[in-house]
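Chemist: To start, I am sharing the structure in question, which I have written as structure tokens.
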Amino acid sequence: MILEVKDLSVSYKSKLKYVDALKRVSWGIKEGEILGIVGESGSGKSTLALSILNLLPFNSKTQGEIIFNHKNIFKAKEKESEVLRGNQIGLIFQEPASTFNPVLSISYQFNEILRSKLKIKNKESREKIIFDSLEKTRVRDQKRILKSYPHQLSGGQLQRVAIAVAIALQPTLLIADEPTSSLDVTIESQIVHLFKELRDKYKLTIIFITHNLDLVKALCDRVVVLYQGQVREVKTKEELFENPEDEYTKSLLDSFSELEG
Ligand SMILES: Nc1ncnc2c1ncn2[C@@H]1O[C@H](COP(=O)(O)OP(=O)(O)O)[C@@H](O)[C@H]1O
Ligand SMILES: [Mg+2]
């Protein structure tokens, strides 16, 4: 296992009450695997993603462990957490626009990230990595894209660039938190295909968070089903679709096959 979540509970304190976002959640991911985390809105998917990067808000409380590289992420010093974020574990958000600052060009932001996260001072070296990453994520019209500002690109283009920025730092693990749910369906399937290619060609390990079983079917090797902060089932994709045991999983699959027709 490259990453192991052990008995993880996360609660948020808001003005009036505590919200238990995750309740004693356990699962792991193997090297080179694409693991799906599937669950409806509010089931705790983003809380999981933020926990792994040690990025939970200050009104949260955690119990349990997340082991990465034989170390508990929650015990990491701030310096170690900085290396964890981006360099070791990349994160792709649902809204590609939220990855970028609207008033700075893509080129400027890409360069800044390489400067701060990889400490590359030489401009030519940075450019080589930038074009190489854009190539890997199949961004066309690269020079124009680099000159652009975020709002001048489509959601699909921007998400591809966000993925390019993430893989430029050469993380071993990539977490994608509903990366296609703001895109239309054709673009969605292209991006899903891209994730598959990144795994197959570059051996990236991927946690793919979604509420969409179609995408699980197209992309994932194994699946964790989350419901109201609890793990209901961890199975290979084939087992999940053919032999669901949990009642909630069954109801998910029922509504899925109705859509499939
Ligand atoms: N910063 C926060 N403060 C208080 N409650 C939160 C916060 N973030 C998430 N929650 C609550 O935690 C639960 C899980 O949220 P989240 O992890 O965002 O689920 P998902 O990504 O599956 O939609 C929800 O009930 C949500 O309202
Ligand atoms: Mg979410």
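The values are calculated or read from the model by the stated rules, or taken from the named source; none is laboratory data. Fair warning: this is a prediction, and the values are worked out from it, not measured in the lab. Using ideal geometry, Cβ is built from the backbone for each residue, glycine included, and neighbour counts are taken over all protein chains shown. Surface accessibility is based on the protein's heavy atoms, side chains included, excluding ligands, DNA and RNA. Shrake-Rupley method; radii C 1.70, N 1.55, O 1.52, S 1.80 Å.
Chemist: Applying the selection to the range 37-61, what residues are within 15 Å of ligand 2 (Cβ to nearest atom), more than 23 Å from residue 171 (Cβ to Cβ) and polar (S, T, N, Q)?
Modeler: 41, 43, 60
Chemist: Name the residue that is farthest from ligand 1 (Cβ to nearest atom), counting only residues in the range 228-247 that are surrounded by 19 or more Cβ atoms within 10 Å (Cβ to Cβ) and under 18 Å from residue 48 (Cα atoms).
Modeler: Only one residue fits best here, namely 233.
Chemist: If you don't mind, there's one more thing I want to ask. Can you name the residue in the range 191-203 that is more than 18 Å from residue 154 (Cβ to Cβ) and either in a helix (DSSP H, G or I) or open to solvent by less than 30 Å² (accessible area, probe 1.4 Å) (or both) and, of all such residues, is nearest to ligand 2 (Cβ to nearest atom)?
Modeler: 195
Chemist: Only one of (1) in contact with an Asp or Glu (Cβ under 9 Å, 6 or more places away or on another chain); (2) closer than 30 Å to residue 104 by Cβ fails for residue 232. Which number is that?
Modeler: In the conditions (1) in contact with an Asp or Glu (Cβ under 9 Å, 6 or more places away or on another chain); (2) closer than 30 Å to residue 104 by Cβ, residue 232 misses (2) alone.
Chemist: I've got another one for you. Please determine, by comparing only the residues of the range 169-183 that are over 21 Å from residue 40 (Cβ atoms) and assigned to a loop (DSSP other than H, G, I, E, B), which one is nearest to ligand 1 (Cβ to nearest atom).
Modeler: Once the filter is applied, the top-ranked residue is 171.
Chemist: Show me the strands (runs of 3 or more DSSP E) found entirely inside the range 5-102 where at least 2 residues are near ligand 1 (Cβ under 9 Å from one of its atoms) and open to solvent by less than 50 Å² (accessible area, probe 1.4 Å).
Modeler: The qualifying strands (runs of 3 or more DSSP E) are 18-29.
Chemist: Looking at (1) within 16 Å of ligand 2 (Cβ to nearest atom); (2) under 20 Å from the mean Cα position of the chain (by Cα), can you tell me which one residue 84 breaks?
Modeler: (1)
Chemist: Quick check: is even one residue across the range 217-227 open to solvent by 20 Å² or more (accessible area, probe 1.4 Å), within 16 Å of ligand 2 (Cβ to nearest atom) and outside any loop (DSSP other than H, G, I, E, B)?
Modeler: The answer is yes, given that some residue of the range 217-227 is open to solvent by 20 Å² or more (accessible area, probe 1.4 Å), within 16 Å of ligand 2 (Cβ to nearest atom) and outside any loop (DSSP other than H, G, I, E, B).
Chemist: Being in contact with a Ser or Thr (Cβ under 7 Å, 6 or more places away or on another chain) and closer than 17 Å to residue 71 by Cα is true for just one of 52, 2. Which residue is that?
Modeler: One residue alone meets the criteria, 2.
Table: residues versus (1) farther than 23 Å from residue 158 by Cα; (2) in contact with a Cys (Cβ under 6 Å, 6 or more places away or on another chain); (3) of a type in the set (Ser, Thr, Tyr); (4) more than 16 Å from ligand 2 (Cβ to nearest atom).
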position	(1), (2), (3), (4)
18	yes, no, yes, yes
63	yes, no, no, yes
69	yes, no, no, yes
72	yes, no, no, yes
88	no, no, no, yes
95	no, no, no, no
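Chemist: Examine the range 23-36 for a residue that is closer than 21 Å to residue 86 by Cβ and either hydroxyl-bearing (Ser, Thr, Tyr) or within 12 Å of ligand 2 (Cβ to nearest atom) (or both), and state whether such a residue exists.
Modeler: no
Chemist: Go through (1) open to solvent by 20 Å² or more (accessible area, probe 1.4 Å); (2) in contact (Cβ under 8 Å) with a residue 40 or more places away in the chain one by one and return the number of the condition residue 175 breaks.
Modeler: Among (1) open to solvent by 20 Å² or more (accessible area, probe 1.4 Å); (2) in contact (Cβ under 8 Å) with a residue 40 or more places away in the chain, the lone unmet condition for residue 175 is (1).
Chemist: Kindly establish whether residue 188 is exposed (fewer than 15 other Cβ atoms within 10 Å of the Cβ), more than 21 Å from residue 50 (Cα to Cα), of a type outside the set (S, T, N, Q) and away from ligand 1 (no atom under 15 Å from the Cβ).
Modeler: no
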